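**Q** Let me begin by handing over the structure; questions about it come next.
Read the figures in this text as sums done on the coordinates, not as results from a lab. On a predicted model such as this, the values are computed, not experimentally measured, just so you know. In this analysis, Cβ positions are derived from the backbone assuming ideal geometry, glycine residues included, and neighbour counts consider all displayed protein chains.
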Amino acid sequence: MKKLSELIIEKNKYLPLVCNGNGTCGKCKVRIRGCDPENVSELSACEKRMLHKDEQAECIRLACQTYVSDDFDIDGVEILSSEEDISTGDYDEITGCSRGKAESLCIAIDIGTTTIQGALIDNSGNVLEIISGINHQRSFGADVISRIDSAARGYAVKLREIIVSDLNVLITGLLRTVTDKEKVGRVAISANTTMIHLLLGFDVSGLGRYPFAPVDLAPKFGSGGAIFTDKRVVGARVDFMPGISAYIGGDIVSGIYYLELDRRKENVLLLDLGTNGEIALSTGGSIYVASTSAGPAFEGGRLTSGVASIPGAISGVTITDGIRVKYETIGSRTPVGICGSGMVDVVAELRKNALIDKNGTFTDENMTEFAIAGRIRVSQRDIRELQMAKAAIRTGVDILLLESGIKNEDIDSVELAGGFGKNVNPVSMVNIGLIDESLLALTEACGNTSLLGAIKYLVRSNDNTGEYDRLRKIVESSREVVLSNHEDFNDRYLQNMWI
Ligand code: FES
């Protein structure tokens, strides 16, 4: 017998294993035609818990919990993933850029743990195209730790192949209106340290254990041919945004560079709440940085009905009279699940309506979940996931403030990066205690700062190295605070679990 999820991935089909096959996320649902007990294992206890009775009757199974015989016919399996594969973006998401003409072309890429995004730009920074897609490495878990574990289990080459293939699909989309005669001169790639290591085929084992030693935080400039197959890109020079440490990568350096935190006089807090929560605090030129393993809740990972910030994701929720639910979805599409910003709203609204207490526990002891729309629901475990993510981030902010010697009241602006930052309601952030009340009016979304930094770098640097030196200075002058080593971390974390 073989695990069905492994069989599906071996056949190069995409299956999101958000909880790394632990049977807790419910994201690997498949429908098996026939479901012959001769060839398919019985429902496990975990499947009985995770799957509705009507799903069980329809032969819907969790691929990570199901075993099939060696002669099982994989063609009879339908993958029930609701994720949109690739989508075009909004030009206004890229602040300060407008549509321009294809002259000398450059491509900026952000490789996130969940999604990837690319922008085709001309030399003046005019955006010609933006494309987003899924990072299909999600078949090996939602967070960087799962990817590092998978690489250690012998899947490093597979992980590299997956991201190289995703990037080539992205490039094809970006260049769809570009003629064969035009060439891309430069590419800049921004990503966290694990993503860059996997892309470049570096050994990631050092990233997963103390002293968390990367192979190289500032990889040398490369040639497009090492990653891309499109002949318009193979001759491009590829730059990588340099990182600070194993868990403070080039993505956050790119964000600091984009927002000019190294030059601004005021106190600015940057929150990039992806699968890995990254925090930067600048206090008149000094930069403090930290990362927290907040878990993937802010990206919809490990939630019963969680999805990334994709079209159809429920991104905003209000509850009135304790039962009436109103929601909005990204792109006003039919709801497919709930993303991190929607989850922040749900928890804030459940608390406001006294449906959960300060501990985050349902006040009605018969209640195990709260229905949002159709089968989309929020369970007690989902609320705990969000509480843990919230506590990790809030504790990170508290400790950076402590280390820098300033208070919440001294902060001049809070920049919220990424899809979560764009969709989240700051009032709900305050209501669940993710940020202090004094920051409410100062909070603004700043877009995908990892991608924006890469765009800015391409436009400013051209061929001289001055801008790369500036990135290097940001790396050298930023002070990393390792939260797990901080004496106040545990006490504050427990306190910050309260809602
Ligand atoms: S990957 Fe199967 S339940 Fe999470």
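**Q** For Cα pairs less than 8 Å apart in space and 6+ apart in sequence, what is the mean separation divided by the residue count of the stretch 2-79, i.e. the relative contact order in percent?
**A** 45
**Q** Within the stretch 2-79, what is the number of lysine pairs with alpha carbons under 24 Å apart, leaving out pairs fewer than eight places apart on the same chain?
**A** Count of close lysine pairs: 19.
**Q** Rounded, prolate or oblate, given the Cα gyration tensor of the stretch 263-420, with a/c below 1.5 counting as rounded?
**A** Because a/c hits 1.5 or more and a/b exceeds b/c, the stretch 263-420 counts as prolate.
**Q** Follow-up question, since we're still on this one. Classify the stretch 376-494 from the C-alpha gyration tensor, please: rounded if a/c falls under 1.5, else prolate or oblate depending on whether a/b exceeds b/c.
**A** Prolate.
**Q** Are there any GluC sites (Glu not before Pro) in the stretch 20-62 that are in a DSSP loop and have at most 14 other Cβ atoms within 10 Å? List them by number.
**A** GLU38, GLU42, GLU58
**Q** Taking a threshold of 19 Å on the Cα-Cα distance, which of the pairs LYS158/LYS183; LYS220/LYS473; LYS358/LYS390 fall above it?
**A** Too far apart for the 19 Å limit: LYS158/LYS183.
**Q** Packing-wise, with mean Cβ within 10 Å as the measure, how do 167-176, 486-495, 398-407, 288-297 rank, highest first?
**A** Descending mean neighbour count gives 288-297, 167-176, 398-407, 486-495.
**Q** So what is the 222 nm mean residue ellipticity for the chain from helices alone, if each DSSP H run of at least 4 adds -39500 (n - 2.57) and you divide by all residues, rounding to the nearest 500 deg cm²/dmol?
**A** -8500 deg cm²/dmol
**Q** Order of 424-431, 219-226 by packing, highest average Cβ count within 10 Å first?
**A** Values: 424-431: 20.6, 219-226: 15.0.
My ranking of the peptides, most packed first, is 424-431, 219-226.
**Q** Taking the C-alpha atoms of the stretch 2-79, how large are the radius of gyration and the largest Cα-Cα span, Dmax, in Å?
**A** Spelled out, the Cα radius of gyration and Dmax of the stretch 2-79 are 11.2, 30 Å.
**Q** Next up: Could you rank the peptides 111-117, 256-262 by their average count of other C-beta atoms within 10 Å per residue, with the highest value first?
**A** Sorting 111-117, 256-262 by mean packing, highest first, produces 111-117, 256-262.
**Q** Count charges around CYS446 for me, please; just the other residues with Cβ under 10 Å from its Cβ, Lys/Arg as +1, Asp/Glu as -1.
**A** Numbers: positive: LYS422; negative: ASP272, GLU415, GLU444.
Here the charged neighbours net out to -2.
**Q** Another one. Over the chain, what is the mean sequence separation of C-alpha contacts under 8 Å (at least six apart), divided by residue count, expressed as relative contact order in percent?
**A** 14
**Q** Would you please calculate the Kirkwood hydrodynamic radius of the chain over all C-alpha pairs and express it in Å, rounded to one decimal?
**A** Evaluated on the chain, it is 23.3 Å.
**Q** Further question on the same structure: Hey, could you get me the Stokes-Einstein D for the stretch 94-249, Kirkwood radius over alpha-carbon pairs, 37 °C and 0.692 mPa s, rounded to whole µm² s⁻¹?
**A** 206
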